[in-house]
């Protein structure tokens, strides 16, 4: 069992090779390559407008990459229609949560199962263990939840589809520090339960502490990559993203 | 899959064997002739019915079980108290009995009200649930009405054949409209759909050779199992009042149309209520809320949007068929932009996405103008004032769309 998991831990689950992306004349991503392996937490940090969210969503084809390729679990998903990609076992918590505000918490979670071939709610039990507050709020309209609760719902909705890889786009956005802490500890337990996580964050400090590996994105290029702790100690990173002089 | 077809086939065969001697052989004096169409038709109907039942069962199995892990007690809706269950029996009964107490004028108004209920239920799917602002809904109404009228004129289709055909035709038009507007939202979508509604009306108005232009088309009145509703039947036909042995009344036809229409409304109501809680209906709503989130959850937004357009259009088309059947005549002046605006007003006043609200609004907004006949010059004014007042005091519509709430404890 241990051998199997260590063997799979090295298998890349998401592999982006020389991905370039542009919005009209503006080049947003420039030859970006990165890999995420099974069982890892990988984080992507970078300043505002560096292209973090674009990179994350380009995995789903929103927007389509201009060149390069994206592989997920051995399948080329570069040109796959957006709605096919989640069916392979990839889920995203988009920036700004994007829950369905007029629908109840439970309905939001049900919609998370749309990517499954056989829609079941078996995962819900576990999700309610993870997010007890969602059980309390299950009949409430999602728009009436607090920011942190909405973030939890967005994560729960993504996990309801039982993904192999979870992409998270700035889960700490607009949340109180205490809630940020809570969300990050939840991410840790999600990884422990067997889902690989790729985390895009502005909160570099928290993200790097949590992550196994990290990438630093600047102006559409990968500037640095390395182990989370290494990057955290890296003077350049500290200066640029953590606001501390080396 | 094999079982799926095998059982209905068996049913059809049995029906064929059983009904051939009864309805296939027609005695004419001492000889008889063999009519192969009617038993085949019955068998086909049985096949479709059985297949429908099986598919329905599979379909409902595929519904969102309200979270199996929650072990919900069946039928324990917190929002479904006793009075509501009583109403769900009482209202249809009242509706069915109603036409027998109405005079001719009342019947016409009641039929019109039910037609608007259908239209509003159709548009409610598009605007209320899927959030696609459609300002040209009258197009589908027109397609349904003209589908029946022209189908009879050119192909000799009767009411019962025209009903499903015109509904499908309207659904096809819904798809036709849906494709080019897939990437549009809000105002832009409204403008395009508005144009679509006008295009259909202008075609009907100007294509003299085919549609008769402003002169309109005469519509054949519906029959019921071959029985006619006129005072004297056409050659070979039997008028229904002779068949039933009652005195002729010009109301009989309208009563019949009302009853069929009422049953169709009930059917559509059942369908849309059900759909709201099925994956398709949920994805309509999800699409309204956030398209990007939908797509990233694996929902095919194209299929979902088109299905909303097609489903809404189909219900609108059915409304059109009934309109043509009750009027006996259609011409383009019945399908102006004002109709689209009226139906949209009904949906908004009733509460976007709220099925009971929309039904009530449709009935009120058809009956109210009739009651205000004396002030007919000010009708639109009153209408506008009512609209403004609603937006101020009940911006979510008469009845807010409710979300089902389950009574349950955690296990």
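Side notes on the structure shown:
- Among the residues of segment A:21-56, the ones that are in a strand (DSSP E or B), without any contact (Cβ under 8 Å) to a residue 24 or more places away in the chain and over 16 Å from residue A:223 (Cα atoms) come to 1 in all.
- Taking segment A:55-88 as the range and being within 13 Å of chain B (Cβ to nearest Cβ) and at positive phi as the test, only A:61 passes.
- The requirement of being part of a strand (DSSP E or B), over 27 Å from the mean Cα position of the chain (by Cα), at pLDDT below 90 and not assigned by TED's automatic domain parsing to the domain that holds residue B:207 is fulfilled nowhere in segment B:386-405; no residue meets it.
- Meets criteria (surrounded by fewer than 24 Cβ atoms within 10 Å (Cβ to Cβ), facing chain B (nearest Cβ under 8 Å) and out of contact with any strand residue (DSSP E or B) (no Cβ under 7 Å at 6 or more places or on another chain)) for residue A:149: no
- Of the residues making up segment A:118-134, just one is under 21 Å from residue B:286 (Cα atoms), assigned to a helix (DSSP H, G or I) and at the interface with chain B (Cβ under 8 Å from one of its Cβ atoms), namely A:124.
- Within segment B:312-329, one or more residues are assigned to a strand (DSSP E or B) and either surrounded by fewer than 22 Cβ atoms within 10 Å (Cβ to Cβ) or within 14 Å of the chain's Cα centre (by Cα) (or both).
- Test: residue in segment A:163-172 that is at negative phi, more than 12 Å from the chain's Cα centre (by Cα) and crowded, with 21+ Cβ neighbours inside 10 Å: no
- Single match in A:98, A:157, A:137 (criterion: surrounded by fewer than 22 Cβ atoms within 10 Å (Cβ to Cβ), at the interface with chain B (Cβ under 8 Å from one of its Cβ atoms) and within 22 Å of residue B:290 (Cβ to Cβ)): A:98
- When we screen B:151, B:131, B:136, B:147 for residues that are in the same structural domain as residue B:282 (by TED's automatic domain parsing), in contact with a helix residue (DSSP H, G or I) (Cβ under 7 Å, 6 or more places away or on another chain) and at positive phi, the only hit is B:131.
- Single residue of B:169, B:202, B:176 found to be surrounded by 18 or more Cβ atoms within 10 Å (Cβ to Cβ) and either farther than 18 Å from residue B:257 by Cα or free of Cβ contacts under 8 Å to residues at least 12 places away in the same chain (or both): B:169
- Filter result (away from every other protein chain (no Cβ under 14 Å) and within 24 Å of residue A:35 (Cα to Cα)) within segment A:165-182: A:170, A:171, A:172
- Failed criterion for residue A:91 (all others in (1) within 14 Å of chain B (Cβ to nearest Cβ); (2) at pLDDT 90 or above; (3) more than 30 Å from residue A:230 (Cβ to Cβ) hold): (3)
- Residue list for segment B:181-190, restricted to those being out of contact with any helix residue (DSSP H, G or I) (no Cβ under 7 Å at 6 or more places or on another chain) and exposed (fewer than 15 other Cβ atoms within 10 Å of the Cβ): B:183, B:185, B:186, B:187, B:188
- Residue match in segment B:299-309 (condition: away from every other protein chain (no Cβ under 14 Å) and in contact (Cβ under 8 Å) with a residue 40 or more places away in the chain): yes
- Restricting B:195, B:186, B:237 to residues that are closer than 23 Å to residue B:336 by Cα, at pLDDT below 90 and assigned by TED's automatic domain parsing to the domain that holds residue B:331 narrows the list to B:186.
- Screening residue A:222 on (1) assigned to a loop (DSSP other than H, G, I, E, B); (2) out of contact with any helix residue (DSSP H, G or I) (no Cβ under 9 Å at 6 or more places or on another chain) shows it passes everything except condition (1).
- Every listed requirement among (1) more than 26 Å from residue A:22 (Cβ to Cβ); (2) crowded, with 22+ Cβ neighbours inside 10 Å is met by residue A:193 save one, (2).
- The one condition in (1) surrounded by 20 or more Cβ atoms within 10 Å (Cβ to Cβ); (2) touching a strand residue (DSSP E or B) at 6+ places or on another chain (Cβ under 7 Å); (3) more than 14 Å from chain B (Cβ to nearest Cβ); (4) under 21 Å from residue A:113 (Cα atoms) that residue A:216 fails to fulfil: (4)
- Residue in segment B:360-368 that is assigned to a loop (DSSP other than H, G, I, E, B), without any contact (Cβ under 8 Å) to a residue 24 or more places away in the chain and under 24 Å from the mean Cα position of the chain (by Cα) present: no
- Any hit, segment A:34-45, residues being touching a helix residue (DSSP H, G or I) at 6+ places or on another chain (Cβ under 9 Å) and over 17 Å from residue A:166 (Cα atoms): no
- Candidates are the residues of segment A:102-117 that are facing chain B (nearest Cβ under 7 Å) and closer than 15 Å to residue A:152 by Cβ; the one that is surrounded by the most Cβ atoms within 10 Å (Cβ to Cβ) is A:112.
The values are calculated or read from the model by the stated rules, or taken from the named source; none is laboratory data. Please read all numbers here as calculations on a predicted model, not as lab measurements. For neighbour counting, all protein chains shown are included, and Cβ atoms are generated from backbone atoms with ideal geometry for every residue, glycine included.
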